[in-house]
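Novice: Once you've had a glance at the structure underneath, I'll fire off some questions.
The values are calculated or read from the model by the stated rules, or taken from the named source; none is laboratory data. What you are looking at is a predicted structure, and each value in this text was computed from that prediction instead of being measured. Here the Cβ positions follow ideal geometry from the backbone for every residue, glycine too, while neighbour counts run over all protein chains shown.
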There are 2 protein chains.
Amino acid sequence: MRVTVPILLGVGALSLTPTAPSPEPLRGFTTESSRVERDWETRFRAIPDPARMRSMMERLSARPHHVGSPYDRANAEWLRDQFRSFGWQAEIENFDVLFPTPKERVIELVAPTTFKAKLQEPSLSGDPTSGQHDEQLPTYNAYSIDGDVTGPLVFVNYGVPADYEELERHGVSVKGAVVIAKYGGSWRGIKPKVAAEHGAVGCLIYSDPRDDGFGGGAVFPNGPMRPRDGVQRGSVADMPTYPGDPLTPGVGATKDAKRYTVAEAPTITKIPVLPISYGDAEPLLSALTGDVVPDSWRGGLPITYRFGPGAARVHLRVKSDWSLKTLNDVIARLPGSSETDQWVIRGNHHDAWVNGAEDPISGLVAELEEARALGDLYKQGWRPKRTIIYAAWDGEEPGLLGSTEWAEAHADELRQHAVAYLNSDTNGRGYLDIEGSHSLEKFINGVEKDVADPEANVSSWKRNQLAAIRRGSAESRREAREREDLRIGALGSGSDYSPFLQHLGIASLNLGYGGEDEGGIYHSIYDDFYWYTHFSDTAFVYGRALAQAAGQAVMRLADADLLPFAFANLAETAQRYATELQQLRDRRAMEITERNREIEEGLFAATNDPRSPTRAPATQARAPQLEFAPLLNALDSLTRAAQQYEKAYSQWVDRSGVTQAGAASASTLKTINERLIQAERALTTQDGLAKRPWYTHLLYAPGYYTGYGVKTMPGVREAIEQGEWSTVNGEIERIAAALTREASLVSQLAVTLAGAR
Amino acid sequence: MRVTVPILLGVGALSLTPTAPSPEPLRGFTTESSRVERDWETRFRAIPDPARMRSMMERLSARPHHVGSPYDRANAEWLRDQFRSFGWQAEIENFDVLFPTPKERVIELVAPTTFKAKLQEPSLSGDPTSGQHDEQLPTYNAYSIDGDVTGPLVFVNYGVPADYEELERHGVSVKGAVVIAKYGGSWRGIKPKVAAEHGAVGCLIYSDPRDDGFGGGAVFPNGPMRPRDGVQRGSVADMPTYPGDPLTPGVGATKDAKRYTVAEAPTITKIPVLPISYGDAEPLLSALTGDVVPDSWRGGLPITYRFGPGAARVHLRVKSDWSLKTLNDVIARLPGSSETDQWVIRGNHHDAWVNGAEDPISGLVAELEEARALGDLYKQGWRPKRTIIYAAWDGEEPGLLGSTEWAEAHADELRQHAVAYLNSDTNGRGYLDIEGSHSLEKFINGVEKDVADPEANVSSWKRNQLAAIRRGSAESRREAREREDLRIGALGSGSDYSPFLQHLGIASLNLGYGGEDEGGIYHSIYDDFYWYTHFSDTAFVYGRALAQAAGQAVMRLADADLLPFAFANLAETAQRYATELQQLRDRRAMEITERNREIEEGLFAATNDPRSPTRAPATQARAPQLEFAPLLNALDSLTRAAQQYEKAYSQWVDRSGVTQAGAASASTLKTINERLIQAERALTTQDGLAKRPWYTHLLYAPGYYTGYGVKTMPGVREAIEQGEWSTVNGEIERIAAALTREASLVSQLAVTLAGAR
């Protein structure tokens, strides 16, 4: 039997022994529905089972299971059957996508000495799956164009635009050269893109041991780090232009979809690319002559790192099988009881580059245990208001293929019905990393407070708060202590949330634990069950914690009376972005002025070292003042609307505490909820971003020159960064218009909610 | 024939073709005497000859010439004879000092595997002097105590106090251990001192290739960098306590001086120490187990750097010949014409660890060419007002022995007569690096403007200004552009200025070019003529520039009517130090408060990683507020006095322009000059610094835990840094009293100068 709050408070007031205070109602719940929800969540948290996660990981990572492989299909069928056994409706949905697999791969030093790269990861005794050579994809970068090139070798550090400025200062050109870049500093696909923009004819990408090898610890199998011959596979398609099947941007890659030819596909690289190990890189880098690189460019090999070019010439040949392959997305549903047409979507991919125990199985097994637990609750009588969709995506590794094609194929339905998308991918020990839509920041902070950290005797929220204090500046310490919610990061790209958030405008979150263990098996044959169960979350207790966190988030979104969006944090965060952009403009203006002054002063000539000469940079046009007013006005409106909404929300909570059923009628709430899920859509634009219309979200996008790394308010930020001053004011206006729409929507919702009885 | 200024101006005013403006008179000269001085300096600058420097370097570095060696004596005699041939009075002055040389040296890994360090630098074909094994000092650290110890090995990064805090956080103790530290991060003598304070029984110091090896370029003989078996020799006596002969602190090590026994000498290390190459270090470091070190600790060897301790045990044996050796200081004089009792002193050492082409011969040959040029001018009729003393010191390498014993032996005379001490040591290509007394900052800026950079078409001053703009923050760029003088650094230790500046209170400067070439031959057998003439100032044009800079400085100090001290820059710099100290106190207070709060919040427990556990630090006592008022008042007085002096000075210059002979009588100027040279003495205290009374200067000292690195206002700064709060107010008062004395002296000088006719 349950008692209502006034009675409980009465008892407490009269009693001589104090009782624990009744917890605040959960965001979006009435006092009573919150109590019910908490009961179900308590039962839910008890179900996910580390032992089951371990055995599922063993099964799912037993053989290589990349797109198009037999074990990819076998896993999909097994996953579908698992969901069914948990009581879900589950199907496999297929798409036909371009996924090149390698036929020829050659890298050789042809002068001044010769060396042929082995391009092969050896199997290790003791690691049973590392020897499955017949089924393993060779080391390669998917969507490298075919090519056969020879040229002088040039070392380009991480191969990002700033590195080419440094090369230019040293008088080093990559025209006609094969460049060699370290992994890191950007998403890998940026490296061949920038290299090609500067005239290179080929690109090698290697894992340097300072960043990813013995520098950080013992190498596999003695420790978790990347061994000498370990290679990072990965896609190099131009994902910042669009992810998914290169042949079918914007539409699902169904049998009869209209397709580009391979030659037309704009996201395939312009020059051939191959990834290599530091074992293969060392003889190439050792052959370089020319000036010694700056300190910050140096890696961990026992050599002197130099720019080149010199006598060292490299031959690179890449040829792929460009046939279409079939994707197997597993889609499972638990139907909603009342708001059947509001969908809460959760996903994790199931495909891997090879065995993929960490990436993606460590995240997938958490998702599976959530699904089993939700199925259990369902059998016990729990009925989510909203429909829950759990997806196990195929083809994430080559470029978010499974999620993107599904999202594109179901775009209209999703725009109408999707409440939110919750993603996970890999998982490890440590801290719950959360990124996503800031309208969900308050909500997910609430979830995080209700998950216990498996190692420390505190919640995951508390541990994150203390870590923010430990790592932070004075200002961020103050904020971590005083702000009600911990900040969540904005989403760039790199996993399956992109099509939901950035193409369709569905509020999204990405969750995963990590930060305590280092590893060096990413996208190699060594990312396997042996590695994971020796060096990562070996007891699968963080797997359970992830299941608890993500599962509770799904439950709250599915059960809430009022969807738990909150706009004050969004407004405040957007205000911070605007401030950053103003500062960025001022900093760029100052840098340009300063640089031009230095050129005029003769600084570069006077400080030139004739033994290692550098060139003066070119004078740049001065930065204009920008018209930020529309953006600032829109932010003011959004801030006011968010305050108005919060006021209406707390009145609703107060009223809901007085009556058992809550203060608003079900139909009013349904109307409000239907409009609440459109709030993230309001932040998108039909035209999409300049140069890349697939990306429609005006607040969050992967950087055009960073790849995974987010650019917030990307239209403005990237125009300033790239000095495209003439476009900035127009981009400011687009964002201002979106924020004004958002403010208007939130303000209307506040009025409706305030009037709701 | 010379014309006076009024006539020249008249001609200029009437002429239609403008003439170049007459240069400002040199600081401390009248318009007329400045003109004469500039004429002599023009002739002076033409004399130093790169070809002669090259051949002198070849001669002086032809054989090893460390303290006590036959070639050390031969060089001293040759130097004496050179000075004599230039027209100087020159003698060799001897002292008998403790200088241990090695008899036994062993380092072996005794468990879990065995390895014996070779402790030997191989000779290189093509480098003729590297094979002079019979005369070379073996690789060792002078003033290491004898010892024979075995213990577990622990890696301590640079071995400075902060590194031991990190070890403590990881639960690693060095009690009973042999530590291995990288060279760098502090003066080498700090490493065994701090290791012994923490209970270590032995200390190895090695050159890591990231800091000093292949990381920065090709290794010798293919390039300038340290080869695999190259070793940095060097003293490890506790120089921050006192430099010079460990047996005779404060007095000259003459035959009959009262001496400590070796056992009593406080500056000999408490534990045995040996330096090793990275070739010898690699097997030792590879044998370490335990946690992986933080990123910032990692070096450039292709291994995983770990803390230890573990199974790796090291045996270290050191035994030295502790007999006294004879120093040969070469002292040359050019007598002054009128102010014979005012001495301008210039020095560079002549002893080396081995052949020492760079250290110290590159500086010494510049000094020799200055001496030859001054001798030439003397023959042409130039007569310096003041006596000039040129010294070639012996025993700098073991611990400033020659300069310290000479300064101690002649302390009374020097306190009375020394105007200033100008030091140099090594020299290379690039930028004129100047450090020293801030009362000479304005003067030396003037000298620097009159030396042409050999590579860039600007003066050394202009090149330094542009480099400061290139490297600096916005604030330091602004200052470099707007401040009349470029700032000079304060002197810590590491060369022969220490006894003059920090023991006797003689205004000092240290000059040397550098910053363009890297090298890795410091204190090894490869610092030789072959290396220098292939990889450093191969044309000796920066040698000539150093001779021009230092020689002109000597001439101006020797010839000036009024000694060119200026106190406004000193007052401003001391004010900056005071501000830094207030900020340091506030920062420490905030750090302590923050740290204590974090301990209370349970931050360290909650963010502990059980697989790589760390300990919470201990709570610290809160920092008290400090009584800075006396210091700030003293600085106000000094600032006012300095302004008053500058006003009197410009009136003197103006008056001197009107009459040919200058406006003040010779006797008044003599009185003023005699008191001006006491101005630096006023900044010292008879009691010396706490814990190290040999150091008497209250503004500048080498850091007790940095060695070479300066601590300005050391009594206060080190007390704050080390949390010795109870002593700080007393130290503030000592500095305030000295600055008040200085203010009073400067103010009196201003009055005298204003009244001088």
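Novice: Among (1) assigned to a loop (DSSP other than H, G, I, E, B); (2) closer than 23 Å to B:G151 by Cα, which single condition is B:S337 missing?
Specialist: (2)
Novice: If you check every pair at least six apart or on different chains, which have Cβ atoms under 8 Å apart with a residue in the range A:440-460 that is without any contact (Cβ under 8 Å) to a residue 12 or more places away in the chain and within 10 Å of B:A606 (Cα to Cα) first and a residue that is among the small types (G, A, S) and outside any loop (DSSP other than H, G, I, E, B) second?
Specialist: Pairs that qualify, where the first residue is without any contact (Cβ under 8 Å) to a residue 12 or more places away in the chain and within 10 Å of B:A606 (Cα to Cα) and the partner is among the small types (G, A, S) and outside any loop (DSSP other than H, G, I, E, B), are A:A456/B:A605; A:A456/B:A606; A:N457/B:A605; A:N457/B:A606; A:V458/A:A452; A:V458/B:A606; A:S459/A:A452.
Novice: Related question: In the range A:282-303, what residues are in a helix (DSSP H, G or I) and under 35 Å from the mean Cα position of the chain (by Cα)?
Specialist: Listed by number, the residues that qualify are A:E282, A:P283, A:L284, A:L285, A:D295, A:S296, A:W297.
Novice: Which residues, counting only those in the range B:474-493, are over 24 Å from the mean Cα position of the chain (by Cα) and either in the same structural domain as B:L440 (by TED's automatic domain parsing) or over 19 Å from B:Y577 (Cβ atoms) (or both)? Even if it seems obvious, please write down each step before you answer.
Specialist: Narrowing the range B:474-493 to residues over 24 Å from the mean Cα position of the chain (by Cα): B:474-475, B:477-479, B:481-484.
B:A474, B:R477, B:R478, B:R481, B:E482, B:E484, listed by residue number.
Novice: Considering only residues of the range A:465-478 that are within 10 Å of chain B (Cβ to nearest Cβ) and out of contact with any Leu (no Cβ under 7 Å at 6 or more places or on another chain), which is surrounded by the fewest Cβ atoms within 10 Å (Cβ to Cβ)?
Specialist: The qualifying residue surrounded by the fewest Cβ atoms within 10 Å (Cβ to Cβ) is A:A474.
Novice: Examine the range A:456-464 for a residue that is crowded, with 22+ Cβ neighbours inside 10 Å, polar (S, T, N, Q) and more than 14 Å from every other protein chain (Cβ to nearest Cβ), and state whether such a residue exists.
Specialist: no
Novice: Out of (1) small (G, A, S); (2) surrounded by fewer than 19 Cβ atoms within 10 Å (Cβ to Cβ); (3) touching a Ser or Thr at 6+ places or on another chain (Cβ under 9 Å); (4) within 28 Å of B:G402 (Cβ to Cβ), the odd one out for B:S85 is which?
Specialist: (3)
Novice: Among the residues in the range A:532-553, are any assigned to a helix (DSSP H, G or I) and more than 27 Å from the chain's Cα centre (by Cα)?
Specialist: From the range A:532-553, those assigned to a helix (DSSP H, G or I) are A:532-535, A:541-553; that's our starting set.
From the residues that got through so far, the ones that are more than 27 Å from the chain's Cα centre (by Cα) too are none.
Within the range A:532-553, not a single residue is assigned to a helix (DSSP H, G or I) and more than 27 Å from the chain's Cα centre (by Cα).
Novice: Follow-up. Of the numbered conditions (1) closer than 12 Å to A:F155 by Cα; (2) touching a residue at least 40 places away in the same chain (Cβ under 8 Å), A:S286 fails exactly one; give the number of that condition.
Specialist: Only one criterion is unmet by A:S286, namely (2).
Novice: Let me ask you something else. Applying the selection to the range A:690-699, what residues are touching a strand residue (DSSP E or B) at 6+ places or on another chain (Cβ under 6 Å) and not in a loop (DSSP other than H, G, I, E, B)?
Specialist: A:H697 - this is the single residue of the range A:690-699 that is touching a strand residue (DSSP E or B) at 6+ places or on another chain (Cβ under 6 Å) and not in a loop (DSSP other than H, G, I, E, B).
Novice: Further question: Return the residues of the range A:291-315 that are among the hydrophobic types (A, V, I, L, M, F, W, C) and facing chain B (nearest Cβ under 9 Å); say none if nothing qualifies. Even if it seems obvious, please write down each step before you answer.
Specialist: First pass over the range A:291-315, keeping only residues among the hydrophobic types (A, V, I, L, M, F, W, C): A:292-293, A:297, A:301, A:303, A:307, A:311-312, A:314.
Listed by number, the residues that qualify are A:V292, A:L301, A:I303.
Novice: Hey, another quick one. Which residues, taken from the range A:304-321, are surrounded by 21 or more Cβ atoms within 10 Å (Cβ to Cβ) and part of a loop (DSSP other than H, G, I, E, B)?
Specialist: Across the range A:304-321, the qualifying residues are A:T304, A:Y305, A:F307, A:G308, A:P309, A:A312.
Novice: Starting from the range A:526-537, keep only residues that are under 13 Å from A:G126 (Cβ atoms), then list their pairs with residues that are assigned to a loop (DSSP other than H, G, I, E, B) and of a type in the set (D, E, K, R) whose Cβ atoms are within a distance under 6 Å, requiring at least 6 positions of separation or different chains.
Specialist: A:Y530/A:D127
Novice: Please state which one of B:A196, B:A253 is among the aliphatic types (A, V, I, L, M) and either assigned to a loop (DSSP other than H, G, I, E, B) or crowded, with 24+ Cβ neighbours inside 10 Å (or both).
Specialist: Working: B:A196 fails: either assigned to a loop (DSSP other than H, G, I, E, B) or crowded, with 24+ Cβ neighbours inside 10 Å (or both).
Unique residue meeting the criteria: B:A253.
Novice: For the structure I just gave you, tell me whether A:S439 is among the hydroxyl-bearing types (S, T, Y), assigned by TED's automatic domain parsing to the domain that holds A:L511 and within 17 Å of A:G28 (Cα to Cα).
Specialist: Working: among the hydroxyl-bearing types (S, T, Y): yes; assigned by TED's automatic domain parsing to the domain that holds A:L511: yes; within 17 Å of A:G28 (Cα to Cα): yes.
So A:S439 passes the test.
Novice: Within the range A:582-603, which residues are facing chain B (nearest Cβ under 8 Å) and either buried (at least 16 other Cβ atoms within 10 Å of the Cβ) or not in a helix (DSSP H, G or I) (or both)?
Specialist: If we filter the range A:582-603 for residues that are facing chain B (nearest Cβ under 8 Å), which is where we start, we get A:590, A:594, A:598, A:601-603.
Answer for the range A:582-603, where residues must be facing chain B (nearest Cβ under 8 Å) and either buried (at least 16 other Cβ atoms within 10 Å of the Cβ) or not in a helix (DSSP H, G or I) (or both): A:E598, A:E601, A:G602, A:L603.
Novice: Within the range B:199-243, restricting attention to residues that are away from every other protein chain (no Cβ under 13 Å) and outside any loop (DSSP other than H, G, I, E, B), which residue is farthest from B:D280 (Cα to Cα)?
Specialist: So, considering only residues that are away from every other protein chain (no Cβ under 13 Å) and outside any loop (DSSP other than H, G, I, E, B), the one farthest from B:D280 (Cα to Cα) is B:S235.
Novice: Failed condition for B:D517, given (1) within 12 Å of chain A (Cβ to nearest Cβ); (2) surrounded by fewer than 23 Cβ atoms within 10 Å (Cβ to Cβ); (3) under 23 Å from the mean Cα position of the chain (by Cα); (4) free of Cβ contacts under 8 Å to residues at least 60 places away in the same chain, with all others met?
Specialist: (4)
Novice: Right, next: Quick one: would you say A:A574 is assigned by TED's automatic domain parsing to the domain that holds A:A629, closer than 30 Å to A:H410 by Cβ and in contact (Cβ under 8 Å) with a residue 40 or more places away in the chain?
Specialist: Details: assigned by TED's automatic domain parsing to the domain that holds A:A629: yes; closer than 30 Å to A:H410 by Cβ: yes; in contact (Cβ under 8 Å) with a residue 40 or more places away in the chain: yes.
So A:A574 passes the test.
Novice: Residues that are within 14 Å of another protein chain (Cβ to nearest Cβ), touching a residue at least 40 places away in the same chain (Cβ under 8 Å) and either over 40 Å from the mean Cα position of the chain (by Cα) or crowded, with 19+ Cβ neighbours inside 10 Å (or both): does the range B:609-623 have at least one?
Specialist: The answer is yes, given that some residue of the range B:609-623 is within 14 Å of another protein chain (Cβ to nearest Cβ), touching a residue at least 40 places away in the same chain (Cβ under 8 Å) and either over 40 Å from the mean Cα position of the chain (by Cα) or crowded, with 19+ Cβ neighbours inside 10 Å (or both).
Novice: On to the next question. What is the one condition in (1) within 14 Å of chain A (Cβ to nearest Cβ); (2) touching a Ser or Thr at 6+ places or on another chain (Cβ under 9 Å) that B:S524 does not satisfy?
Specialist: Here B:S524 clears every test but (1).
Novice: Taking the conditions exactly as written (under 26 Å from A:A357 (Cα atoms), among the acidic types (D, E) and not assigned by TED's automatic domain parsing to the domain that holds A:H697), does A:E413 satisfy them or not?
Specialist: Numbers: under 26 Å from A:A357 (Cα atoms): no; among the acidic types (D, E): yes; not assigned by TED's automatic domain parsing to the domain that holds A:H697: yes.
No.
Novice: Assess whether B:R483 counts as being within 14 Å of chain A (Cβ to nearest Cβ) and either within 16 Å of B:P702 (Cα to Cα) or not hydrophobic (A, V, I, L, M, F, W, C) (or both).
Specialist: Working: within 14 Å of chain A (Cβ to nearest Cβ): no; either within 16 Å of B:P702 (Cα to Cα) or not hydrophobic (A, V, I, L, M, F, W, C) (or both): yes.
So B:R483 fails the test.
Novice: Next question. Checking B:A263 against (1) over 13 Å from B:L204 (Cβ atoms); (2) within 12 Å of another protein chain (Cβ to nearest Cβ); (3) not hydroxyl-bearing (S, T, Y), which single condition isn't satisfied?
Specialist: For B:A263, the exception is condition (2).
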